[in-house]
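Trainee: Take this structure first; my questions come after.
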Amino acid sequence: MSERLGLTPPVEVAGFAAAVDLCARAEQLGYTDVWSAEVGAVDAFTPLAAVATKTERVRLGTALVPVYNRPPALTAMSAAGLQQLSHGRFVLGIGLSSPAIVGQWMGMEFDGRVKRIEEYVEVLRDALAGKKVAYKGETVRVENFRLQVDPGAPVPIHVGALGPEMCRLAGRMADGVLLYFFTPDGVRRALEHVTEGAKEAGRDPGDLDVFLRLPVAVDEPEETARFMARRMLTGYAIVPAYNASLRRQGFEEEATGIAEAWAAGERDRATELFSDRMLDELFVTGDAETCKRRIGEFRDAGVKTPTIMPLSFAGSAEERAERVVKAVEALAPGG
């Protein structure tokens, strides 16, 4: 099979309808995947449902659905609907999300335990297989639930992972691992833990998909791109799990300083503490050829499904949308 390349619907940049149209065009350009996100713009499932009706071949995935925002039975219902609608092209990606999104924005309880993912996957597997589910775990409870529709095809389940324990769980239980804000070396180290988990469960690590979402800015002014990248990264670096991930990847001094500055209320200083090395390794910027070469470095590290998140920092919404379209065209396979 040819190399995979995914696109995240740029809803925040281009608007919902235009983002869906761009994903449909991406299929014609040779992109193999469309993977949605769920932070604070739109939910993960709705864009994929829209894209499913306008495409025939691209794989559709959620990267990722926070497991504290929905009970597993509801997630299974959404997954079954999308799998049926897309005629078997859907992949369900789940993960813990963050204390801010779950605890503050959604008002739900967040405890960050890997156990939640383990139990959630167990319930999803049974529910999506059409079984009647009665499950009482430490973090999940389901009584006598059975899906009332047939997904029509098995639903692969991918798990979002940052730390070693979650990587090992993905290796043991999931069909793929979802990574975000990793350097190529960070990917290699994470996959060592995924491999350990797979081997513990008697599975072939080579059978697992490896997804990485890459923030990409093509032909954006360098200084502007660096400024905006710092702002974007700050929002993640202050999340304990991401901060720990950055420290593990060799950015201990920066990650520690950012967290301390933010906690002290020094927001601007926190942003300034991002080193150029962090930005160069975690973001993909430059002209189209440079960006393609950088994406190749992540493939070499073990990523099977690099998925671009096209960014633009132009002054007007119209120009940002135009630049995103150009970036998607410029990075298209064979383009």
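The values are calculated or read from the model by the stated rules, or taken from the named source; none is laboratory data. This one's a predicted model, so the numbers in the text were calculated from it and none came from an experiment. Every residue, glycine among them, receives a Cβ derived from its backbone with ideal geometry; neighbour counts consider all protein chains shown. Each accessible area value is taken on the protein alone, full model and side chains, heavy atoms only, with ligands, DNA and RNA left out. Shrake-Rupley method; radii C 1.70, N 1.55, O 1.52, S 1.80 Å.
Trainee: Report in % the part of the accessible area of the chain that belongs to carbon and sulfur, leaving out ligands and nucleic acids; probe 1.4 Å. Don't jump to the answer; show the numbers that get you there.
Mentor: Working: 7310 of 14760 Å².
So the carbon and sulfur contribution to the accessible surface is 50 percent.
Trainee: Enter the accessible area of residue 175 (Å², nearest 10), with the probe set to 1.4 Å and all protein chains included.
Mentor: 50 Å²
Trainee: Rank these by accessible area, largest first, 1.4 Å probe: 308, 101, 238.
Mentor: On the way: 308 0, 101 20, 238 60 Å².
So, going from the largest accessible area down, we get 238, 101, 308.
Trainee: Give the relative contact order (percent, whole number) for the range 39-121; include only Cα pairs under 8 Å separated by 6+ residues.
Mentor: 33 percent
Trainee: Something else about it: Counting each DSSP H run of 4 or more residues in the chain as -39500 (n - 2.57), what helix-only mean residue ellipticity at 222 nm follows after dividing by all residues, to the nearest 500 deg cm²/dmol? Write down the numbers at each step before the final one.
Mentor: Values: 14 runs with 161 residues, N = 335.
Dividing the helical sum by the residues of the chain leaves -14500 deg cm²/dmol.
Trainee: Counting only heavy atoms of protein chains, what accessible area per residue, in Å², does the range 236-308 have with a probe of 1.4 Å? Display every interim value, and only then the final one.
Mentor: Details: 3440 Å² over 73 residues.
On a per-residue basis, the range 236-308 sits at 47 Å².
Trainee: When only the heavy atoms of the protein chains count and the probe is 1.4 Å, how do 105, 262, 35 rank by accessible area, highest first? Walk me through the numbers on the way to the answer.
Mentor: Details: 105 145, 262 80, 35 0 Å².
Descending accessible area places them as 105, 262, 35.
Trainee: Hey, could you grab the Kirkwood Rh for the range 210-293? Inverse mean 1/r over distinct alpha carbon pairs, Å, one decimal.
Mentor: Details: mean 1/r = 0.0753 Å⁻¹.
Computed over the range 210-293, the radius equals 13.3 Å.
Trainee: Ok, one more. Give me the log10 of I(q) over I(0) for the chain at q = 0.10, 0.12, 0.13 Å⁻¹, as the Debye formula computes it from C-alpha points; what are the numbers?
Mentor: One equal scatterer on each Cα of the chain leads to -0.57, -0.84, -1.00.
Trainee: Once the convex hull of the C-alpha atoms of the range 89-157 is built, how many Å³ does it hold per residue, rounded to a whole number? Present the calculation step by step, with values, prior to reporting the outcome.
Mentor: Details: hull volume 7.3 nm³, N = 69.
Convex hull of Cα atoms, per residue: 106 Å³.
Trainee: Additional query: What lysines does residue 115 reach when the alpha-carbon gap must be under 24 Å and sequence neighbours fewer than 8 apart in one chain are set aside?
Mentor: Cross-link targets: 131, 132, 136, 199.
Trainee: Could you report the range 1-150's accessible area per residue, 1.4 Å probe, as an integer in Å²?
Mentor: About 45 Å² of surface per residue is accessible.
Trainee: Kindly report, to the nearest 10 Å², the accessible surface of residue 59 as traced by a 1.4 Å probe over protein heavy atoms only.
Mentor: For residue 59, the solvent-accessible surface is approximately 40 Å².
Trainee: Same structure again: In µm²/s, what is D for the range 1-87 at 20 °C and 1.002 mPa s, where D = kT/(6 pi eta Rh) by Stokes-Einstein and Rh is the Kirkwood radius from Cα pairs? Please list the in-between numbers first.
Mentor: Working: Rh = 13.2 Å.
Result for D is 162 µm²/s.
Trainee: Straight-line reach from residue 292: which lysines have Cα under 17 Å away, leaving out those fewer than 8 places along the same chain?
Mentor: Within the straight-line limit of under 17 Å, residue 292 reaches these lysines: 304, 326.
Trainee: Please report, in debye to the nearest 20, how large the charge dipole of the chain is about its Cα centre when each Lys and Arg carries +1 at its beta carbon and each Asp and Glu carries -1 there.
Mentor: Working: 39 positive and 48 negative charges, 207 e Å.
With only Lys, Arg, Asp and Glu charged at Cβ, the dipole is about 1000 debye.
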